[in-house]
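Laboratory data are not the source of any read-out in this text; all were calculated from the coordinates shown. Every value quoted in this text rests on a predicted model; they were computed, and no experiment measured them. Note: ideal-geometry Cβ built from the backbone for every residue, glycine included; neighbour counts use all protein chains shown.
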Amino acid sequence: MTTPIDVFESLRADFFRYYGTPYRLRYPHIESERRELLDTEGSTWREPWIEPVVEYRLSGLGVDQALRDAGGDADLAEFVKCGLIGYPDIFRHQAASLAAVRTGKNVVVTAGTGSGKTESFLLPVVDALLMESRSWTGSSPAGERWWAIKDAQHQAQRAREHGRLPGVRALILYPMNALVEDQLVRLRRALDSDAARQWLKTNRGGHRFYFGRYTGATPVSGRRVRSTKTTQLKRALVDAEERFDAWRHDEEKRYFLQSLDGAEMRCRWDMQAHAPDLLITNYSMLNIMLLRDIEHGMFEQTRRWLESDPNNVFHLVVDELHMYRGTSGTEVAFLVRNLLNRLGLHPDSPQVRFIATSASLGGDAAGRTYLTEFFGAAGSSFELLEGERVVPDDPPVSLERFADIFTAWGVSDDAIDGGQALEVLAESRAKDAISAAAERSSDLAGQTV
């Protein structure tokens, strides 16, 4: 069994193995001195921080029944099992999120680490895509591999698509690029797995649910009229294709890389030509996009899609909502209003739905005031889902079984026997440490020791 300490030691060993291989030094004593300087806490590593993770209650119904009870249908249950949901059941707050959004509520998920917050906001988004796509006609064949053709110019990825309007159905906003990259892995598995492609081919005429990352890392900036930019994009796509082909048949690693023949948008130019269904970005890039002409079409396409049917709903997902405080929070709040205005919406419009995640937002009056100030919508329109914690029924922690371990740290062997060990433990700070840890763990689970 691999423990967190094993993982820490393995990572530390790999790090110094990296230093010792490409950067090997001629003189062993200098290499040893370098190792001593680097292999100290606070230099290249920190002692691992380990905390208990709260367990949340499952629906107890299984995926199919839980989604049906939340308002979903058979299509949703089938599709999410193609990659989004890999377990036989979902958490109660995940089902509650779907039910709330379906009834027109905005949602904030405040459950803790490991509670499936990503699925909590993706379930309503995927549900909306599945409902809308029933009316799509035509198809969306994969675009040409133009980058592999000598002297070829850029060809839009969705140039041959017909039977549906382009436009951003959901915008997922992150505070930093690292979180964007993590989300891409989840979306590739959920929307672009082999099973997902086959389901869409069978049930939606070959259409795809397109998603795209629009950050500074997305190739390429500038306009298509510049040949140097086209050459730069070709190189980026050739490199991406080669890296993916090397891992194509590895079911785990493949989702860390972009597949150019799938639902992930290849580059900025493709997204500017046809806005993706799910747009993933950060607030800095979104602000830039709203100011530039080159991205103007993406917002206009979304606006036309909203105007085409009053039942079409734009979903704005804000992850790590608690990070937007103070001056930066005010700036992002105005950015949200600017975005809605650009799309012809207002915060209380029936065609916009806010979904947010936060590990620390409270459900009291202050928390709802914050939501109103940030999004502009009435505080009463938000459903706050903190998840239902599973309270452990374990017996109280007995300190007796730790006595020998802790007293051995500071007492000689001949000083230890059963009774003496407990006495020393009781007089030491070890007892307080164990009790504090036990109380902290129980508090997190809603139980006092």
request  = Answer with a single label: of (i) 38, 24, 20; (ii) 45, 31, 22; (iii) 63, 38, 22, which was calculated as semi-axes √(5λ) of the Cα gyration tensor in Å from the structure in view?
outcome  = (ii)
Lys105 versus Arg46: modelled label distance in nm, points set 7 Å from Cα along the beta carbon direction = 3.7
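Sort 266-279, 56-69 by packing, meaning the average of other beta carbons within 10 Å per residue, with the highest value first. Numbers along the way, then the final one.
Working: 266-279: 24.1, 56-69: 17.3.
Ranking the peptides 266-279, 56-69 by packing returns 266-279, 56-69.
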note = Label model pair Ala236, Thr372: point-to-point distance (7 angstrom along the Cα→beta-carbon line) in nm is 4.4
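So, with +1 on the Cβ of K and R and -1 on the Cβ of D and E, and no other charges, what is the size of the charge dipole of the chain about its Cα centre, to the nearest 20 debye?
Numbers: 54 positive and 64 negative charges, 625 e Å.
So the magnitude is around 3000 debye.
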ask   = Looking at the range 303-378, which trypsin sites (Lys or Arg not before Pro) are DSSP coil and have at most 14 other C-beta atoms within 10 Å of their C-beta?
value = Arg325
Rounded, prolate or oblate (a/c below 1.5 giving rounded, otherwise prolate when a/b exceeds b/c) for the range 170-233 by Cα gyration tensor = oblate
message = Can you compute the helix-only [θ] at 222 nm over the chain? Use -39500 (n - 2.57) per DSSP H run of at least 4 residues, normalise by all residues, nearest 500 deg cm²/dmol.
response = -14000 deg cm²/dmol
Selected from Ser193, Ser97, Ser328 as most flexible by GNM, with the chain as the system and alpha-carbon contacts under 10 Å = Ser328
inquiry  = Cross-link candidates for Lys253: which lysines have Cα within less than 29 Å, leaving aside residues fewer than 8 places away along the same chain?
reply    = Lys81, Lys117, Lys201, Lys234
inquiry  = Residue by residue through the range 155-166, what is 3J(HN,Hα) from phi via Karplus (6.51 cos²θ - 1.76 cosθ + 1.60, θ = phi - 60°)? Round to whole Hz and write x for glycine and proline.
reply    = 10, 4, 4, 10, 4, 9, 6, 8, x, 7, 8, x
inquiry  = Multiplying the sequence separation of Arg401 and Arg342 by 0.36 nm and subtracting their Cα-Cα distance, what value in nm do you get?
reply    = 14.8 nm
message = Over the chain, with a Gaussian network built from C-alpha contacts below 10 Å, which listed residue (Gln155, Gln94, Gln258) shows the highest mean-square fluctuation?
response = Gln155
message = Quick check: net charge around Leu173, other residues with Cβ under 10 Å of its Cβ, Lys/Arg +1 and Asp/Glu -1?
response = -2
query = Using Cα atoms only, what is the angle between the long axis of helix 365-375 and the major principal axis of the chain, expressed in degrees (0 to 90) to the nearest 10?
reply = 30
request  = Take the alpha carbon atoms of the range 6-79, find their center, do the same for the range 185-227, and report the distance between the two centers in whole angstrom.
outcome  = 27
Top positive-direction residue, dipole computed over the chain with Cβ charges, set Ala111, Tyr214, Met323 = Tyr214
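So for each of 166-174, 372-380 I average, over its residues, the number of other beta carbons within 10 Å; can you give me the resulting order with the highest mean first? Mind showing how you got there, number by number?
Numbers: 166-174: 23.6, 372-380: 16.7.
Sorting 166-174, 372-380 by mean packing, highest first, produces 166-174, 372-380.
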